[in-house]
Amino acid sequence: MVVPPHHNWFRLLFVWKGSIIEKIYPRLIILFLFCCAVVYLRGEIFQVKIALNPTPFTLIGVAVAIFLGFRNSASYDRYWEGRKLWGSLVLESRSLMRQVTTLSGLAMDSVEIQHFSHLLIAFTYALKHQLRKTSPEADLRRLLSPELTDRLMQARFKPVLILREMGYWLQQQRQRGQLDSITLVTMDTTINHLSGVLAGCERIANTPIPYTYNVLLHRTVYLYGLFLPFGLVDTLGWTTPFIVVFIGYTFIAVDAIGNEIEEPFGTEPNDLPLNAMCQIIEASVRETIGEAVPTPVTVQPLIVD
Amino acid sequence: MVVPPHHNWFRLLFVWKGSIIEKIYPRLIILFLFCCAVVYLRGEIFQVKIALNPTPFTLIGVAVAIFLGFRNSASYDRYWEGRKLWGSLVLESRSLMRQVTTLSGLAMDSVEIQHFSHLLIAFTYALKHQLRKTSPEADLRRLLSPELTDRLMQARFKPVLILREMGYWLQQQRQRGQLDSITLVTMDTTINHLSGVLAGCERIANTPIPYTYNVLLHRTVYLYGLFLPFGLVDTLGWTTPFIVVFIGYTFIAVDAIGNEIEEPFGTEPNDLPLNAMCQIIEASVRETIGEAVPTPVTVQPLIVD
Amino acid sequence: MVVPPHHNWFRLLFVWKGSIIEKIYPRLIILFLFCCAVVYLRGEIFQVKIALNPTPFTLIGVAVAIFLGFRNSASYDRYWEGRKLWGSLVLESRSLMRQVTTLSGLAMDSVEIQHFSHLLIAFTYALKHQLRKTSPEADLRRLLSPELTDRLMQARFKPVLILREMGYWLQQQRQRGQLDSITLVTMDTTINHLSGVLAGCERIANTPIPYTYNVLLHRTVYLYGLFLPFGLVDTLGWTTPFIVVFIGYTFIAVDAIGNEIEEPFGTEPNDLPLNAMCQIIEASVRETIGEAVPTPVTVQPLIVD
Amino acid sequence: MVVPPHHNWFRLLFVWKGSIIEKIYPRLIILFLFCCAVVYLRGEIFQVKIALNPTPFTLIGVAVAIFLGFRNSASYDRYWEGRKLWGSLVLESRSLMRQVTTLSGLAMDSVEIQHFSHLLIAFTYALKHQLRKTSPEADLRRLLSPELTDRLMQARFKPVLILREMGYWLQQQRQRGQLDSITLVTMDTTINHLSGVLAGCERIANTPIPYTYNVLLHRTVYLYGLFLPFGLVDTLGWTTPFIVVFIGYTFIAVDAIGNEIEEPFGTEPNDLPLNAMCQIIEASVRETIGEAVPTPVTVQPLIVD
Amino acid sequence: MVVPPHHNWFRLLFVWKGSIIEKIYPRLIILFLFCCAVVYLRGEIFQVKIALNPTPFTLIGVAVAIFLGFRNSASYDRYWEGRKLWGSLVLESRSLMRQVTTLSGLAMDSVEIQHFSHLLIAFTYALKHQLRKTSPEADLRRLLSPELTDRLMQARFKPVLILREMGYWLQQQRQRGQLDSITLVTMDTTINHLSGVLAGCERIANTPIPYTYNVLLHRTVYLYGLFLPFGLVDTLGWTTPFIVVFIGYTFIAVDAIGNEIEEPFGTEPNDLPLNAMCQIIEASVRETIGEAVPTPVTVQPLIVD
C-alpha cells in the first residue's frame, strides 16, 4: 500500500513514486512515437490515406469509459472487501483474546492462554502466506511446537487446521470445567467468524473478475489508442501526439490500476499491506496477555507491503 | 471459469482461448461483410440513398452504453453473489465439521462422524447437480447408503432432504446425550446457513434478469450495428467496415458476456467452477476427519468447470 | 415472470411474447406517424419553421439516459429485493419445519406438527394475497379450521395474526414440556425472520419510488420524442421517422420496463411468480412431513404468475 | 408521500399535484423570460456580443449529469434507508409484542402487557416527534401515566428513556419469575433492534450529504442555465427559450427532488408518511392484545404525511 | 461538519462559508489569468500556434467525469460508513448501559455502574483521539482513576485496553454472582460490537483509496484545464476565460471535495463532528444513570467539529 504523502495540489502533479506512470510509461512512449509517425506520414499507410475523423471516437469513447468505470468499481470493491476482511481479522482476534481471558477461568499468564494466543497469531500468518503463495514454515516454527508445525506443513489447508486446533483447545477447557456450554458456544462463534475471513479471502484470491472482461477492455483501450491518431491528425497536426498520449494516459492508467487492485493480496505497490497487518495483530494479541510487544517502526516508508 | 494466464499487456491483445471473441466472431464477420456491401453501394438500397449521419448514433450511443452498463452490473452481481454463496458453503461445511468434532463427545473416527461428513459432502454434490440439472445419482451412491440414495432419488427437493437427515442426526445425538440444547441449537444454526446457501442458489438459478431487458438491449445493439454503416459511409469510405466492427465488437461482446455470466452456475467458459469447488469441499471435510484426501490436480488447465 | 426461451442471438431479435414492445407499440406507431407529418411539413407548423438542430438533444440525451439509468437501477433493486424476500420465505419455512420436526419431541405424523405446517403454508398464501390485494379466504379455508379462518378474515393484518398463532403453538409445546427455553427461543427467532419477510414485502408494496421521479422522467422522455423530429428533419429527411422511432423505442421501453418491475408483486408479465413460489413452499413443507406433494406441472408456460 | 394515482402514460404527462413542477415553476418562468431577453438582444449585453456556442455545454453537461446522478443516488439511498428503518420498526414492534405475549407467562389482558404495549406505541410517536422536531407531549399523555410523561418531557433523549423503561419492565418480570435468562435476553435483543432503528434515524436526520456538494451542484446547474441561451441563440433563434426551459426543467427538477428526499423525515410531499406509519403500528399492536383498533381511513388522499 | 443553513435556491448561489470555493479560489484565479494570457496570445506560444479544437475534450471529458464520479462515490461511501460506525457507537453504548442497569442486579447509583459508565465514555474519547492523532490524556484523566490512566497512556492500542477493562468488569460481576453465563455473554456481544466500531474506524483511517487513483485523477483534471483554453480560444475569444473557469470550477471542486471527505475523521469543514458526537454519547450515558448532563449548546454554529 502506498502511504499518501499529503502533498499539496501542485506537488501532486509531479509525483513519480507510487504513481501508476512508473509502470506504464514505456507504453506511453511507444504510443507517442507511433503518433509522431502517423503525423509525419499525414495519416497515410503505404500511400493509402486512412479516412478517419473524431466522430467514431465519440461513439466508442463513452462506451469504453462506462465499461472501464464498471471494471474499476468491481476491482475497487474487491480491494475494499479484502481490506474489510482483514479488518475483521483484527477485530475477531481481539474479541477472541478478550473472551479467552475474561470468559474462561484461566489465569492470564497460564500456559494454556499463551498456547491459544500463539495459535491465533499463527493463523494470521498462515493466511497471509496462503494468499501470497509463500511458505509459512518460518513463521509457524517461530510460534508453534515442532510437532504441530510438522503436521501443519503436511496439510493442504493449513489455516483450517489451525482453527480446528483452536476448537480442540476449547473442547479441552470445557472438559476441564473452565467453560460451560454457553461460553464455549460463544467462542466457537468467534472462531466461525475467523473461518469466514478465511473463506472470504480465498474467494477473492481464487476467483478473478471474469477473464473475458479484462481481455475485452484491454483490447478496446489499445485499439482506441491505435486508431485515434488517424482521426485527429487532419485537424490537430503536430498537437496530435500530445493529445493522444494525454487521452491514452487516462485510459491505460485506469485499465492498469484496475488490474493491480483487482488482486489485492499481492505485493504490488497498491496492494494491501498484509505483512504490516499481521504484525499489528501479533502486537495487539501479545499486548493483551502482557507479552513483549515489538516496538512499532517509527520510520514510515512510502510503500508498506 | 477461465484461469487468467497472466500475460503481459502486449500478449493479452492476441489472446483467443477464454476470450468472448471465440463465440461472437461469426456475427462480427457478418457485420463486416454487411458494411462492405454498404460501402460498395455508397449507402444506397435499390438506388435510394439512406440519408444518415453520425449524430443519431451519438444520441443513442450513450443511452445504449449506460443501459448495457446497467445490465452488466446486474449480471456481474449475480455472478459474484453466486460465488459468495459457494464461498459460504465452503465456510459453513468447515464450521459444521469443526463443531461436530469438537462440540460433541464423539470420537473422530466413529461411524457417526463419518456418516455425518458423508451427508455434508453429498449435500454439496446434490446442490451442484440441481443447479446444473444433471443427475446426482452417481455421487449420492458413492457417498451414502443404498437405501438413503433410493429415497433421495425419489424426492423432488434432494438437498432439502439431506439437510433434514442432518437434523435427525443431531436429534439422535442429543437423545443419546452427546449434545445439550445449546450445542444442538448452535449446529442447527449452521445447518440453517447451509439452507440459506441452497435458497440463494435456487433464487439465482430460477429468476433471471427480467427477460424484456435482454430483448430490448439485444435489439438496440443489433439495430445500432445495422444502421451505423449508413451513418459513417459518406465520411469514412472504406475505413467504415473496420470502425463499425470495432464498435460492434465492444457492444456485442459486452452483451454476450453479460448473457454468459448472468447464469453463473452453467458450464460455459466464464461460469463458476462448481465441480472444482465440490472437490475442494470434499477434500477439506475428509482432511478434517483424517480420511484420505484426493491429491490436488497439479496440471492447471486453462478452463475449470 | 417470463421464462426465457433461450433463443439464439438471431431469433432473439424477433421475439414478440414477453417483450415490452407488446405493450408500447401503439405509442411507437403514434410517434412514427407524428414524425412523418413533421417530415412532410418540413418541420414547419402553420408556416412557421421550428429552428432546431441535433445539438440540444446531445445536451439533454446524456442527462436523460443517466436519470433513466438511475430509475432503472432503483426499480431493479426493488424487484430483486422482492425476490430475495421470497427466497428467504422458502428458506425460513424449510428451517422452521426442520426445527419443528427435529428439535421438538413430537412425532412427524402428529396432529400438532400437521397443524403447524398448515399455519406455515397459510402464512405464505396470506402474504401473497395481501400483496396482490386479493381475498385469501379460499386458501385459508382449505388449510385451516373454520373458526380460525373466520377470525382471520375479520383481522386487518392477517399474516401477523398467523405468526402470532405460531407463537401460541410454541408456547403450548413448551408448557407441555416438548420444548425448553433454548429451543423455544430458536424457533421464535425463525418466526421473527418470517416476520421480517412480511415487513420487507409490505415496505416494497406500500412505498413506491418517489412519484415525482416518475412524472419527471416520463415527461422528459416524451418531450424529447416530441422535439426530436424537428431537430433531425433538415439533415435526415425521410430517414427521420425510422431513427426517431428507434431512439424512442429505447427510451420509452426502458421507462416502461422500469414502471413494470418497480412493483414486483403484481401480475404483469415481468412481475415475480408469487403463485408458483407459494406452490413450491407448499410442496416443500408437505414433503417434509410426508404428506402428498402435488405433482409439479411439467408443461412449462412462457409466463409464470 | 405521494400515493401514485396510476394514470396511463398520456395522463401522466399533465399531472400537476405531486409533481415537482408545482415547486419550481417560478424559476422556470424566470428562466424563460431571461431567454426571451437574450434572444431579443441577439446575445448581446450592452452592445457586446457574448461569443458562445453549444460545445462548452457538451463538455460540462455530461459532468453535471453524472454528478447530479451521484447526488440523486445518495439522496434516494437516504430516503430508502429511512423507509427501511421504519419498516424495521413495524417488524420489531410486532416481534416484541409476540414475544411478550407468548414467551412470558402473563395473560394477554393483564395490566402489565397493556402497560408494555403502550410504552411501545409511545416509543414510535416519540421517535416521529423527535425526527420532525415537534412536541410529543399530546401523544405521550394519551398513552402513558402522568408521572412518566412528566419525567419524559424533561429528558433530552426521550425515545432512549422509553426503551430503558421497557428494560425495567423486563427486569421486573424476571424478578417476579415470569421470564428466565434466555427469554429475557431474547427480548432485550429485540429492544436493541428498536434502539438501532432510533440510532439509524438520528443518523439520517442529523448528518446531511456534505453541504458543499449541494452548493456546488446547485451553482453549476444555475450557471449552466444562465450561459445556455447565449450558446444556442445564434442557431436556434426563438426556439431557444423553449429548449432552454426544457433542459433547465430536467436539471433543476432533479436538483430539487434530490434536495427534498435527502431529508426523508420532513413533511414535504415526497417525504415518508411517518404519521401514517405510527398509526399502523398502533393499530397492529392494539390488535395483538385485543384492544379496539381505530378503523383504517378509507378515503385515500393523494398525499400521506 | 457544515450545518446546512437552509437558504432558498437563490441565496444558495452566493454562499461562501462552508463552500469548497473558499479553498480552491486561488487555483481558479490562476486558471483565469492563464486563460487570459492564452486569449491575448491567440493560442500561440513563442509564435507557434497550438492547433487544438474542442473535440479531444469531448473525448476525454466523459471519461474524466465518469472516473471522478467513481472516486466521488468511493469517498462518499467512506464518509457515510464512518458516520454509520459512529451511529453504531451511539447505539451500542446505549444498549450496553441499558443492559448493565437492567440485566445485572446492581443498583443504578452503585460505584460499579458508575465506573463502568466512565469506562464507556472514556472508550469514546480514546477512539476520537486515536482517529485524530491527538492525545487522549486530558479526557482519560477526567474520567478514570490515575493508575488506570497511567497504564493506558503507556499502551499502544488504548481503546482495545479499555474494552478489555470492561471485559474484566463483567468477569468480576459474574464471580460476584450478579450475572449468569447468559447475561454475561449477551453483554460480551455488545462489547464485540464496540470493538467492531473500533476496527471499522481504524480501517477507514489507515487505508486510503489507492493513492494512484488520486494522482491520476488530479493530473487528468489539471491537464484538462491547462489544454482547454487552447481548444476554445479560436471560437470563443474573450468568453474563453469565463467558460474555462466555470468548467474548471466543477471539476476541481469535485476533486477537492472528494479529497476532503475521503478521510472523514479529520477536522476539515466537511469532516464528521466526532467531538460533538462524543459529547452526545457522554450526555446520553450520564442521563441513563442519573448523573448531571451538560446542557446542550443552544447557539448552533455553522461548522461543528
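The values are calculated or read from the model by the stated rules, or taken from the named source; none is laboratory data. From a predicted model like this one, the values you see are computed outputs, not experimental measurements. As a convention, Cβ positions derive from the backbone with ideal geometry for all residues, glycine included, and neighbour counts pool all protein chains shown. Ligands, DNA and RNA are excluded from the accessible area calculation, which covers all protein heavy atoms including side chains. Shrake-Rupley method; radii C 1.70, N 1.55, O 1.52, S 1.80 Å.
Yes or no: D:Glu287 more than 14 Å from chain E (Cβ to nearest Cβ) and surrounded by fewer than 23 Cβ atoms within 10 Å (Cβ to Cβ)?
Values: more than 14 Å from chain E (Cβ to nearest Cβ): yes; surrounded by fewer than 23 Cβ atoms within 10 Å (Cβ to Cβ): yes.
Considered against the rule, which asks whether it is more than 14 Å from chain E (Cβ to nearest Cβ) and surrounded by fewer than 23 Cβ atoms within 10 Å (Cβ to Cβ), D:Glu287 comes out as yes.
Report yes if some residue within the stretch A:127-134 is at pLDDT 90 or above, in a loop (DSSP other than H, G, I, E, B) and under 25 Å from A:Leu274 (Cβ atoms); otherwise report no.
Step one: of the stretch A:127-134, the residues at pLDDT 90 or above are A:127-134.
From what's left, in a loop (DSSP other than H, G, I, E, B): A:133-134.
With under 25 Å from A:Leu274 (Cβ atoms) added as a condition, the list becomes A:133-134.
So far as the stretch A:127-134 goes, yes, one or more of its residues are at pLDDT 90 or above, in a loop (DSSP other than H, G, I, E, B) and under 25 Å from A:Leu274 (Cβ atoms).
Can you work out which of the residues in the stretch A:163-180 that are assigned to a helix (DSSP H, G or I) and facing another protein chain (nearest Cβ under 7 Å) is surrounded by the most Cβ atoms within 10 Å (Cβ to Cβ)?
Within the stretch A:163-180, the subset assigned to a helix (DSSP H, G or I) is A:163-175.
Now restrict to residues that are facing another protein chain (nearest Cβ under 7 Å): A:163-164, A:167-168, A:170-171.
Details: A:Leu163: 22, A:Arg164: 21, A:Gly167: 22, A:Tyr168: 13, A:Leu170: 24, A:Gln171: 18.
My answer is A:Leu170.
Return the total of residues in the stretch B:103-123 being within 14 Å of chain A (Cβ to nearest Cβ) and crowded, with 16+ Cβ neighbours inside 10 Å.
5
When you scan the stretch C:227-242, do you find a residue that is within 10 Å of chain D (Cβ to nearest Cβ), assigned to a helix (DSSP H, G or I) and open to solvent by 10 Å² or more (accessible area, probe 1.4 Å), even just one?
So the first thing to find is which residues in the stretch C:227-242 are within 10 Å of chain D (Cβ to nearest Cβ), and the list is C:227, C:230-231.
Of the ones still in play, those that are also assigned to a helix (DSSP H, G or I) are C:227, C:230-231.
Then keep just the ones that are open to solvent by 10 Å² or more (accessible area, probe 1.4 Å); that gives C:227, C:230.
The answer is yes; a qualifying residue exists.
Go through A:Gly87, A:Gly61 for me and flag whichever is facing another protein chain (nearest Cβ under 7 Å) and at pLDDT below 90. Working first, answer last.
Details: A:Gly87 fails: at pLDDT below 90.
None of the others qualify; the one that does is A:Gly61.
Pick from A:Arg94, A:Arg141: which is of a type outside the set (S, T, N, Q), within 14 Å of chain E (Cβ to nearest Cβ) and over 21 Å from the mean Cα position of the chain (by Cα)? Give the steps one after another, and end with the answer.
On the way: A:Arg141 fails: within 14 Å of chain E (Cβ to nearest Cβ).
Of A:Arg94, A:Arg141, the one residue that is of a type outside the set (S, T, N, Q), within 14 Å of chain E (Cβ to nearest Cβ) and over 21 Å from the mean Cα position of the chain (by Cα) is A:Arg94.
Results for (1) closer than 18 Å to E:Ile191 by Cβ; (2) touching a helix residue (DSSP H, G or I) at 6+ places or on another chain (Cβ under 9 Å); (3) surrounded by fewer than 19 Cβ atoms within 10 Å (Cβ to Cβ), shown as yes or no for each residue.
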position	(1), (2), (3)
E:Asn72	no, yes, no
E:Glu81	no, yes, yes
E:Thr101	yes, yes, no
E:Arg141	no, yes, yes
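Residues in the stretch A:46-61: is at least one more than 30 Å from A:Tyr79 (Cβ to Cβ), more than 29 Å from the chain's Cα centre (by Cα), part of a loop (DSSP other than H, G, I, E, B) and of a type in the set (Val, Ile, Thr)?
So far as the stretch A:46-61 goes, yes, one or more of its residues are more than 30 Å from A:Tyr79 (Cβ to Cβ), more than 29 Å from the chain's Cα centre (by Cα), part of a loop (DSSP other than H, G, I, E, B) and of a type in the set (Val, Ile, Thr).
For residues that are assigned to a helix (DSSP H, G or I) and more than 17 Å from C:Gly248 (Cβ to Cβ), tally how many sit in the stretch C:30-45. Show your work before the answer.
Just the residues of the stretch C:30-45 that are assigned to a helix (DSSP H, G or I), to begin with: C:30-40.
Keeping just the survivors that are more than 17 Å from C:Gly248 (Cβ to Cβ) gives C:40.
Number of matching residues: 1.
Say whether the condition of being open to solvent by 10 Å² or more (accessible area, probe 1.4 Å), of a type in the set (Gly, Ala, Ser) and not in a loop (DSSP other than H, G, I, E, B) is met by at least one residue in the stretch D:181-193. Spell out how you get there, then give the answer.
Taking the stretch D:181-193 as the starting set, the residues that turn out to be open to solvent by 10 Å² or more (accessible area, probe 1.4 Å) are D:181-182, D:185-186, D:189, D:192-193.
Adding the requirement that they be of a type in the set (Gly, Ala, Ser) leaves D:181.
Those still in the list that are not in a loop (DSSP other than H, G, I, E, B) too: D:181.
So far as the stretch D:181-193 goes, yes, one or more of its residues are open to solvent by 10 Å² or more (accessible area, probe 1.4 Å), of a type in the set (Gly, Ala, Ser) and not in a loop (DSSP other than H, G, I, E, B).
Taking the stretch C:56-67 as the search range and keeping residues that are of a type outside the set (A, V, I, L, M, F, W, C) and touching a residue at least 12 places away in the same chain (Cβ under 8 Å), which one is nearest to D:Phe242 (Cα to Cα)? Outline the logic, then answer.
Going residue by residue through the stretch C:56-67, those that are of a type outside the set (A, V, I, L, M, F, W, C) are C:56, C:58, C:61.
Filter once more, so that each one left must be touching a residue at least 12 places away in the same chain (Cβ under 8 Å): C:56, C:61.
On the way: C:Pro56: 11, C:Gly61: 16 Å.
If we take residues in the stretch C:56-67 being of a type outside the set (A, V, I, L, M, F, W, C) and touching a residue at least 12 places away in the same chain (Cβ under 8 Å), then C:Pro56 is nearest to D:Phe242 (Cα to Cα).
Filter the stretch E:1-32 for residues that are surrounded by 15 or more Cβ atoms within 10 Å (Cβ to Cβ), of a type outside the set (A, V, I, L, M, F, W, C) and within 13 Å of chain D (Cβ to nearest Cβ) and give the result.
Answer for the stretch E:1-32, where residues must be surrounded by 15 or more Cβ atoms within 10 Å (Cβ to Cβ), of a type outside the set (A, V, I, L, M, F, W, C) and within 13 Å of chain D (Cβ to nearest Cβ): E:Pro4, E:Gly18, E:Ser19, E:Lys23.
Go through the stretch A:246-281 and give me each residue that's polar (S, T, N, Q) and either without any contact (Cβ under 8 Å) to a residue 12 or more places away in the chain or out of contact with any Phe, Trp or Tyr (no Cβ under 9 Å at 6 or more places or on another chain) (or both). Break it down into steps so the answer makes sense when it comes.
First, pick out the residues of the stretch A:246-281 that are polar (S, T, N, Q): A:250, A:259, A:267, A:270, A:275, A:279.
If the condition is that a residue be polar (S, T, N, Q) and either without any contact (Cβ under 8 Å) to a residue 12 or more places away in the chain or out of contact with any Phe, Trp or Tyr (no Cβ under 9 Å at 6 or more places or on another chain) (or both), then A:Thr250, A:Thr267, A:Asn275, A:Gln279 are the ones that fit.
Looking only at the stretch D:200-225, which residues are buried (at least 23 other Cβ atoms within 10 Å of the Cβ) and within 30 Å of E:Thr183 (Cα to Cα)?
D:Cys201
This table checks each residue for (1) hydrophobic (A, V, I, L, M, F, W, C); (2) over 15 Å from E:Ile24 (Cβ atoms).
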site	(1), (2)
E:Ile209	yes, yes
E:Val221	yes, no
E:Trp238	yes, yes
E:Ala256	yes, no
E:Asn259	no, no
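Can you find even one residue in the stretch D:121-130 that is aliphatic (A, V, I, L, M), touching a residue at least 12 places away in the same chain (Cβ under 8 Å) and within 19 Å of C:Ala74 (Cα to Cα)? Explain how you work it out, then say what you get.
Initially, the stretch D:121-130 is screened for residues aliphatic (A, V, I, L, M), giving D:121-122, D:126-127.
Imposing the further condition that a residue be touching a residue at least 12 places away in the same chain (Cβ under 8 Å) reduces the set to D:121-122, D:126-127.
With within 19 Å of C:Ala74 (Cα to Cα) added as a condition, the list becomes none.
There is no residue in the stretch D:121-130 that is aliphatic (A, V, I, L, M), touching a residue at least 12 places away in the same chain (Cβ under 8 Å) and within 19 Å of C:Ala74 (Cα to Cα).
Which condition breaks for B:Asp255 when tested against (1) under 28 Å from C:Gly87 (Cα atoms); (2) open to solvent by 10 Å² or more (accessible area, probe 1.4 Å)?
(2)
Can you spot a residue in the stretch E:200-207 that is under 31 Å from the mean Cα position of the chain (by Cα), small (Gly, Ala, Ser) and more than 8 Å from chain A (Cβ to nearest Cβ)?
Filtering the stretch E:200-207 for residues under 31 Å from the mean Cα position of the chain (by Cα) gives E:200-207.
Going one step further and asking which of them are small (Gly, Ala, Ser), we end up with E:200, E:205.
Going one step further and asking which of them are more than 8 Å from chain A (Cβ to nearest Cβ), we end up with E:205.
Yes, the stretch E:200-207 contains at least one residue that is under 31 Å from the mean Cα position of the chain (by Cα), small (Gly, Ala, Ser) and more than 8 Å from chain A (Cβ to nearest Cβ).
Restricting to the stretch E:169-216, name every residue that is touching a residue at least 40 places away in the same chain (Cβ under 8 Å) and among the basic types (Lys, Arg).
Answer for the stretch E:169-216, where residues must be touching a residue at least 40 places away in the same chain (Cβ under 8 Å) and among the basic types (Lys, Arg): there is none.
Would the stretch B:33-51 turn up any residue that is facing chain A (nearest Cβ under 10 Å) and either surrounded by fewer than 18 Cβ atoms within 10 Å (Cβ to Cβ) or in contact (Cβ under 8 Å) with a residue 12 or more places away in the chain (or both)?
No.
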